[in-house]
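FYI, it's all coordinate maths here, none of it is from the lab. Quantities reported herein were computed from a predicted structural model and do not represent experimental measurements. Methodologically, a virtual Cβ is constructed for each residue, glycine included, from the backbone with ideal geometry; neighbour enumeration extends over all protein chains shown.
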Amino acid sequence: MSVPSPSSRPASIGGVLWSRLIWRHWKREPALTATLAGILALGVAVFLAVRLANKAAVSGFGLFTESISGESDLLLRPRSGFFETSVLRDLREISGKRPVDFFPVLELSGAVQTGAEKPDGDLLRFVGVDLVAIGNAIGQSEEAGEGVGFSAEEGEPGLLGVTDACLVGEAFARARGVAKDDRLRVWINDRVADLRIAGILPDPANRPAIPENLVLMDLPALQKVSGETGRISRIEIRFPEGKAEGGIRAAASEGLAAWAQERGHLLETPEDRKASVTRMSAAFRLNLTILSGLALLVGIYLIMQAMEAAVTKRRGEIAILRSLGVTPDQIRRTWLTEAAVLGLVGGVLGIVLGRLLAEGLVGGIAATVNTLYYETTTDAVRLHPGEAAFSLVFGLIASLVAGWIPAREAALTPPSQALRQGAQGGGLVWLRRWPVGLVLFAAAVGVARLPALTFGEGTNFPLGGYLAALLAVLGASVFLGGLFPPFARLIGWGRGEAMRRYAASRLRAVGGRHRLTAAGLSVAIGMSAAMAILVASFEKTLTSWIGQLLKADLYVAAPGSASVANGNRLAEVDWRALLSLPGIDGADTLQRHAVTYEGRELLIGGAAYHDDPSRHLQLLWIEAPAVIGPDALETGGAWVSEPFARRYAKRSGDRLTLPTPSGPREVTIEGVYADYGNEAGTVLVSRRLAEEWFDDRSVSNLAIYTSPGVDPEAVLESIRGRFPALVTRTNEKLREESIRIFHQTFAVTYALEAIAVVIAVAGLGLALAGLLLERRNELATLRALGATRRDIARAAMWEGLGIALAGLAGGLAVSFFLGWILIGVINPQSFGWTLRYAVPWGMFVFLSGVTLATAALVAWTVGYRNANLKSDREE
Amino acid sequence: MKQHEASTRQGKAGYLTLLGLLLVFAGAPLASAEEWNVPRVGHRLEFPRDHGSHPDFKIEWWYLTGHLFAGERRFGFQATFFRLGQQPVEVPAGEDFGTEQLYLAHMGLSDPETGRFLHEERLNRGGWDAGAMVGDLDVHNGNWTLRREGNDLLLEGSIRAEAALSLKLVPKKAHVIFGEDGISRKGPEGTASSYYITFPRLAAEGRLELDGVTLDVSGEAWMDHEISSSQLDEDQIGWDWTCIQFADGREIMGYVLRTKGGGISEYSKLVWIDRDGTMTHVQSGDYRWSHEGIWKSPDTGAAYPVSPLITTRDPADGRERRLRLVPLMEQQEMTGGSGGVSYWEGACDVIDEDSGEAVGRAYLEMTGYADDIGQKLR
């Protein structure tokens, strides 16, 4: 044997330590190692999946032209309403000789009738662009001839000069099973149009895919079909490329900015626009991301538990190595390397899994964003390298955090330690002091009172709330150590059978690993139960709100009204005609206008209420106005929704300056009402006022009261017969719809919680397997004394139940506090919603039952499978 | 470098899928000539009215080419405004987004010192961003404009963010009207003809912004204004055209119309313009245009005879002149974008083949080499 040179010595010792302390054990227990890597992988996967799905779900967000015509340099849009096309000539004039291209865009929502199963139709985005001018950027490309994917045959009707031609993308055609020359019956505003698909646009190679709900038309044709004659939604501005680009851009931008500012219009880059739009749903997506970290948090406890077990098990070997001169530092490094390798393997697996998982989440996230915030289109899920790296690092950190304390403990092993295996020593010292848990709890309560961090433009981040939640979870995981003795007594109660008492004795003298396993479970249960409290509270609040709000018999809306972003309207002539149908006593009418207020989207509502004092819309008040009644708004005051009031810190008596097409308008807030329908915020004024401000007599929604004795269904039929483009629902249907949408928004949340609980229960099985392995001498003795395999399984089951009970009790206990933080701190601060606290007892019973049953089953199986372990003396 | 420009533009625009849309339009059956007005024998053109637009004709263009000098540097430029009338349509033309007229425009700059040929094409519907006034010369397409102010013509143009051109053009000679009886015939059918009005020599003065430098430029230009409803006969596939400005103050406008069989149409013409504007028409059999100096376009693959030899009798002394056009650079091909037509339009020197002396400057235009232009303009 050669003497290693001094320089190669540390490396070779590291190698020896690695193979001696880690690799050998991994080889011996591949299932254990694989499970640990699997837990990490799942944690990383969920985290990454939510982040990727978040990205993909809000990628489209409304600049639909991007996938068709590439990104513009600047966007010009009115603060509210539309531009008249005449502004285009002004823009050309102010840019003078400079080569600036202006592309006007009219963007409207509408629907296509696809079948009876979707009475609302299928929400569509209509984009009108000048199909001739938009080709000019091609002319600037010197490779213009390439990429042509669509052309018409000679003699076909063209796209220009007709009002019924449209283009759709490949995804649209696939999703709806349509082909070129098929006809689409669509609704735009209160009109029905019969469009011919003049072509299917292929997806561009290096741009976002053409959204699945996009219908492209020539601008004047869309103006005519929709009745929005002479109107455009925005103007996209491009500067040509070339050596003078910078100068042209600077000079033209300056002129445009001055022009826009003078008229109160908004000039921004697409990046700004994207940021400001996606900011609207930032709170929702952040909450989701934080929840997605839950699985990883549970994973940390389980890894810690497993590594703790490994330290205990390999204590003898460490002691020998220490006697041979290996330093504590080398031992610690070896252990941390193990954690890092596990983290890497789990992380890489997690990235693959997360990418797949993201596909399943996109739809759910997009549906919520569409309902609550703005129209979005999903992009294909892509594995962003940055996100993957971030998740990998996150998984690695989690794994190192989990490995830190066991590594320290391993390093502290004295060389002279008795070589007794399975020593009960070790364990996390702080975990054994359950009063520490109470201290953490107290800190959590304190932190929860911190005000939200405020970023610009009304974005709040409830840092205190999240910190409090973390402290509470930590506190619970420490505190539940104190629950083992009583639970042990409970399990060992009475004379009972031997195996139960055997299990109870093990639970009376629990080690750190019992505690860590229970802690992992308590985190999963605690967060899940807390979310259940949130959902229940939300549902209770929403139900009573809907009950208060929905008093009318029929509800009529322009198509696509399920989305907040919808801007469709009924022309005055139509809604007046509708209200004169027989059987209608009266109606509440509402017109909605999206405006930009302090950089964020805001809805201005113009309401006119049914003049019957007992039958008109009754809002749920947060701050009630002095006068409530059908005419209360007619004096010129405004009511604001709670999310608005919270975001901008406004209250009754405050004055507001609102942007309108007829200039800024000032109003006084007279009341604040609860609104769980949108987070953007609404300012409600009288319809008369809104009509004047926006020079618009259309309405977006009608709540109809039928005459006494008239069957609402009959009126509904007559409305449908006369106005097929409108969405008409009975009171009952609308309630059902609202609850359905509500549950849909929480669908993703449910999935994330389920994953965390699954991980925790898997961790329980893992921990028990480790414990049994350690106790194999004892098990062999028990078998020798006549215990059957089933007896051992039963003992394991009782022990597992004990751990599960501790975890469950700790979890449920902390969930009440977490629920309070979610409802009392995080929700109001990030969404502006006041909710009534409700505990879903049934759900808790169900969760407890499922957890205990699964834990018992997993524990029994682990016990049964390990009952035949040979004593190491026989090895 | 060109390759690089193209790729960055593509990355930014990503537009290409839409190109086909324009083909939808261009490929749609254009109205037959019968529905459009056609040039009539004996019709008297009046000015300035007839410098303006004639929307009852299907095809019209205002075509400026010229030679500019800034100290030692020399440039060629082209600025063309086309009007293409469309069939009457279901939707009446809106004021802002019309459907009755399309306006195509080309701008080109030849910079022989660097070998760069910059060009840009635009296509817009008649409306807020493109149009042509009826009654006087005032056409615009995006930020490009050409209008009459008193006796002068004012041109503003640009090529992407690479070049910008601002010129005042003062006629050194009154305009001339080509053709017998006021109409220029292109084929046996009366419909294939045009009113052809030309300013054969314009003094040009103004500014050229290039590479971040503003150059004071001056030189001479030529402007055609053609009004027609069909420029080519069924049998014709394209043309070679030139305008020569001799140093002695005379000019030649000449073209050969190429037929499918490879021959030259008898409707080809060559016209000498004397210093006082007197025109001498030369019929197709009495001059020769030999296609020489083939240059093959790397972009379209088309083979252009960029250095033709034109043989014609000088009306001043009856002597036969052999005039060689020598392009300032070979790459002066205008590759079609949304308009879909590629052609060669470039600045040349004119060399007397016998004496070897430079006797003038010319612009040479060759169409129908890359694709069948007749389809678009018939």
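Just so you know, the averaged projected area of the alpha carbon convex hull for the range A:315-369 sits at 5.9 nm².
The stretch between A:Asp631 and A:Ser19 holds 212.1 nm of extra length on full extension. This uses 0.36 nm per residue minus the Cα-Cα distance. Stretching B:Asp299 away from B:Arg275 to a fully extended chain increases their span by 4.6 nm, per 0.36 nm per residue minus the current alpha-carbon distance.
Averaged over every viewing direction, what's the projected area of the C-alpha convex hull for chain B? Give it in nm², one decimal, please. The partial results should precede the final answer.
On the way: hull surface 73.6 nm².
Spelled out: convex hull of the Cα atoms, projected over all directions, averaged, 18.4 nm².
Among the residues of B:156-169, the average count of other protein chain beta-carbon atoms within 10 Å of the residue beta-carbon is 4.
Dipole check for the range A:593-744: with +1 at the C-beta of Lys and Arg, -1 at the C-beta of Asp and Glu, and the Cα centre as origin, the magnitude is about 260 Debye. Taking each residue as 0.36 nm, the span from B:Glu189 to B:Arg322 lengthens on full extension beyond its C-alpha to C-alpha distance by 44.6 nm. A convex hull fitted around the alpha carbon atoms of the range B:232-378 yields 111 Å³ per residue. FRET efficiency for the A:Arg382 to A:Ser323 pair, using the beta carbon distance and R₀ = 56 Å, is estimated at 0.55.
Compactness ratio for the range A:221-277: Cα radius of gyration over 2.2 N^0.38 Å (N = residue count) comes to 1.44.
Here the range B:94-228 has an Rg and Dmax of 16.7, 51 Å, counting Cα atoms alone. Per-residue shielding of A:519-528, expressed as the average number of other chain Cβ atoms within 10 Å of the residue Cβ, stands at 0.
Percent of alpha carbon pairs in the range B:294-353 separated by more than 18 Å? Value for the range B:294-353 (Cα pairs over 18 Å): 47 percent. Seen from a random direction on average, the alpha-carbon convex hull of the range A:668-801 projects onto 18.1 square nanometres. Each of the peptides B:311-322, B:359-370, A:293-304, A:181-192 was scored by the mean count of other Cβ atoms within 10 Å over its residues; in descending order, highest first, they stand as A:293-304, B:359-370, A:181-192, B:311-322. A 30 angstrom limit on the alpha carbon distance is what I want to check against. Which of A:Lys97/B:Lys186; A:Lys540/A:Lys650; B:Lys172/B:Lys269 exceed it? Distance filter (> 30 Å) returns A:Lys97/B:Lys186.
By the Kirkwood approach, averaging reciprocal distances over each pair of separate Cα atoms, the range A:559-725 gets a hydrodynamic radius of 16.7 Å. Peptides A:536-546, B:73-83, A:701-711, B:36-46 ordered by packing proxy, namely the average of other Cβ atoms within 10 Å per residue, highest first: B:73-83, A:536-546, A:701-711, B:36-46. Computed over the alpha-carbon atoms, the range B:249-330 gives an Rg to Rh ratio of 1.02, Rh here being the Kirkwood radius from the mean inverse distance.
The local environment of A:Arg615, defined by Cβ-Cβ distances under 10 Å, has a net charge of -4 under the rule Lys, Arg +1 and Asp, Glu -1.
Each of A:Val401 and A:Met843 was given a label point 7 Å from its Cα along the Cα-to-Cβ line. The distance between the two points is 2.6 nm. Per residue of peptide B:125-133, the mean number of Cβ atoms on other chains within 10 Å of the residue Cβ is 5. In µm²/s, what is D for the range A:629-695 at 4 °C and 1.567 mPa s, where D = kT/(6 pi eta Rh) by Stokes-Einstein and Rh is the Kirkwood radius from Cα pairs? The calculation lands on 106 µm²/s. For the pair A:Tyr750 and A:Glu262, a Förster radius of 45 Å applied to the C-beta separation gives a FRET efficiency near 0.30, rounded to the nearest 0.05.
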